[in-house]
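Working notes for the structure below.
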Amino acid sequence: GKVGVLGCPMYHGQTKPGTKEGPAALRDAGLLEMLKDQGLDVKDFGDVNIPCLEEVPLSDLSVKNPKNIATDVHKVLDSGRACLVLGGDHSLAIGSIYGHSLAELDQVVVWVDAHADINTPLTSTSGNIHGMPLSFLVHELQPYTCKLPGFESIKPCISAKDIVYIGLRSVDPGERYIIEKFGIQSFSISEVDKLGIKEVVEKAINYLDPEGKRPIHLSFDVDALDPSLIPCTGTPVLGGLSFREGNYICEELAATGRLSCVDIVEVNPTLGNERDKEITVNAALQIITRCFGNRRQGIYPKDYIFP
Ligand SMILES: N[C@@H](CCCCC(O)O)C(=O)O
Ligand SMILES: [Mn+2]
Ligand SMILES: [Mn+2]
Ligand SMILES: [Mn+2]
């Protein structure tokens, strides 16, 4: 398989700037080598150009960011590679999902997260854009929201029926209302407990893409995993997905052969000591390898020769 890696050191979607260190932390820990070692053809497309706040006013900044991200994701996908986007905070998904829609029209979205990230600017209590990305992208929400200055270039590109949540456990009232009003399929941690991860993933994939034809966009917020696994993230919530559940989700999505774009977001290496950073980065790295074909049952390269 061919993978294009795109760093997206985004931090303006929230208040803890350390997410801009996310891409470097993952690369420095050997991400590219790990992916190559599992037999992938890996190309590093560098980092998206995220102008820092001091240079441009927020409105100008926001139009630049999603457009840069969308443009770069589109370019990676058009080069015939799956796209791996390293965050950066979850507001980058405005650009990555929009960019995916420029390359492939009928994507479905698996949103793995403790949070629903679908507040509109009107329902948000924090005003942090990383809690809003889906509200900019979902067609049905547009009559109920407002365009933020600078987001004109981002067009809604997915329908409520094209999204499934896995891992929710911190959903704001406005978000819960939206999920029910538009019938967005969601498997919170309660459903994971009730059904088990196997049935959750099976239901999620069959609901989104019963014919097994549509490209999948996995937007994986590392805070979906239990905070014991990911100490370095900005909005931790107790009682998250186990490491095994996180690995299972990604193995099964990779096994469809249609995993086209993967966001790995909200790694903030500055939120903890060196040991915390190591734990966080190692967990994120393993999750990433499962997205691109590595499995706990083991694999061997195509050119393996049995001695
Ligand atoms: N729902 C909260 C928390 C959002 C968390 C964003 C991301 O980590 O999922 C808000 O809107 O601020
Ligand atoms: Mn194109
Ligand atoms: Mn989250
Ligand atoms: Mn998120």
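The values are calculated or read from the model by the stated rules, or taken from the named source; none is laboratory data. This structure is a prediction, so every number in the text was calculated from the model and none was measured. When we count neighbours, we look across all protein chains shown, and the Cβ atoms used for this are built from the backbone with ideal geometry, even at glycine.
List of remarks:
- Qualifying position, being more than 13 Å from ligand 1 (Cβ to nearest atom), surrounded by fewer than 20 Cβ atoms within 10 Å (Cβ to Cβ), polar (S, T, N, Q) and under 29 Å from residue 192 (Cβ atoms), among 159, 126, 79, 96: 159
- Test: residue 189 is buried (at least 19 other Cβ atoms within 10 Å of the Cβ), more than 16 Å from ligand 4 (Cβ to nearest atom) and among the aliphatic types (A, V, I, L, M): no
- Residue count, the stretch 102-122 (criterion: more than 16 Å from ligand 3 (Cβ to nearest atom) and either over 17 Å from residue 164 (Cα atoms) or in contact with a Lys or Arg (Cβ under 6 Å, 6 or more places away or on another chain) (or both)): 9
- Matching residues, the stretch 230-259, being of a type outside the set (Val, Ile, Thr) and crowded, with 21+ Cβ neighbours inside 10 Å: 232, 234, 240, 241, 245, 246, 247, 250, 253, 254, 259
- Tally of residues being closer than 19 Å to residue 140 by Cβ and within 16 Å of ligand 2 (Cβ to nearest atom) across the stretch 102-121: 3
- The listed residue being touching a Lys or Arg at 6+ places or on another chain (Cβ under 6 Å) and modelled with pLDDT of 95 or more, out of 189, 197: 189
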